[in-house]
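See below for the structure under consideration.
The values are calculated or read from the model by the stated rules, or taken from the named source; none is laboratory data. None of these values were measured; they are calculated from a predicted model. Glycine gets a Cβ as well: all are built from the backbone with ideal geometry, and neighbour counts include every protein chain shown. Surface accessibility is based on the protein's heavy atoms, side chains included, excluding ligands, DNA and RNA. Shrake-Rupley method; radii C 1.70, N 1.55, O 1.52, S 1.80 Å.
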Amino acid sequence: MTWVTVHWRGDYATDDVAVQWRRSVGAARQQDDAELRLHRHTPLLAVIPPSGGAVVTIAGRRRSWRGITDVPSLHDDGTVSVRVYAVERWLDLRQIPVRVTWYGVTAGAAVRHALRITLGGLAEAPVLPGTVVEAAPILTAVEFSGQSLLSLLIDLHERTGQEWYLDEAGRLHWLASVGRYRPFILTDAGGALDVRTRDQLPDVAREVGEVQAGVPWEYQDLRVPGTWPRREQLS
């Protein structure tokens with residue numbers, strides 16, 4: 001038996017119920033789903049909507065697990081079973097409601113817009129927009145074709161190497177790595193020399209210009225310090 005709390009539109013209830021874990025293979029990675037076995041007198045049934053969509057928090061020894069309910073199922077013995085999807089899998093069930101192509105945008109801008117139009121109309125959702133970082137590269141095109149939020153996140157990750165994660169509060173964050181290792185020697189005089197070429201640090205930092213589909217784009221290379229920008233044309 002495990003302590004379970006259900007939230008739905010400002011109401012909540014807590015009870016000690018039986019939880020059965022199920023493992024499923026999602027689009028991103030292997031995930032756990034849960035099934036609640038409820039007796040007819042549990043206060044949870046007063047909160048769980050018949051159409052599903054309630055937020056469930058299952059207590060654990062080290063951290064809590066959050067998910068969203070499916071439609072409850074009534075059994076002949078009077079008990080009710082409720083399937084609870086992992087929040088990550090829930091992202092795979094939420095489809096972007098528009099079909100449009102965005103040109104010349106960063107992955108972060110595409111993620112922010114997708115979260116706004118997909119989750120903005122929900123009164124209560126287990127996933128909320130968190131920190132969304134916009135960084136290079138600028139993508140030639142990002143297509144919204146009715147795919148799921150999870151599919152979009154995976155596609156943008158594969159194209160840019162940028163990453164997303166869900167924190168314990170259910171906030172989705174999109175982050176970009178902005179640093180990389182460089183074998184510099186820092187001297188007492190405040191200079192910075194490359195170990196191999198002995199070039200000054202200003203000579204290895206740059207501002208990048210790219211030509212994509214005949215359109216020039218210029219942006220700062222965020223992987224190196226931007227104190228001494230240079231221009232370098234890449235085609």
Practice task
Look through TYR85, TYR12 and report the one residue that is open to solvent by 50 Å² or more (accessible area, probe 1.4 Å) and of a type in the set (Ser, Thr, Tyr).
Solution key: TYR12
Exercise for the section: Could you look through the range 119-132, keep only residues that are under 15 Å from the mean Cα position of the chain (by Cα) and either open to solvent by 70 Å² or more (accessible area, probe 1.4 Å) or at pLDDT 90 or above (or both), and pick out the one that is farthest from GLY104 (Cα to Cα)? Expected result: LEU128
Practice task
For GLU163, work out the one condition from (1) over 30 Å from TRP65 (Cα atoms); (2) at pLDDT 90 or above; (3) open to solvent by 70 Å² or more (accessible area, probe 1.4 Å) it doesn't fulfil.
Solution key: (1)
Exercise for the section: Please enumerate the residues belonging to the range 49-72 that are touching a residue at least 24 places away in the same chain (Cβ under 8 Å), aliphatic (A, V, I, L, M) and within 18 Å of ARG89 (Cβ to Cβ). Expected result: ALA54, VAL55, VAL56, ILE58, ILE68
Practice task
Please work out if PRO72 is open to solvent by less than 50 Å² (accessible area, probe 1.4 Å) and more than 19 Å from the chain's Cα centre (by Cα).
Solution key: yes
Completion exercise
Residue count, the range 28-69, condition open to solvent by less than 50 Å² (accessible area, probe 1.4 Å), in a loop (DSSP other than H, G, I, E, B), modelled with pLDDT under 90 and not small (Gly, Ala, Ser), comes to 1
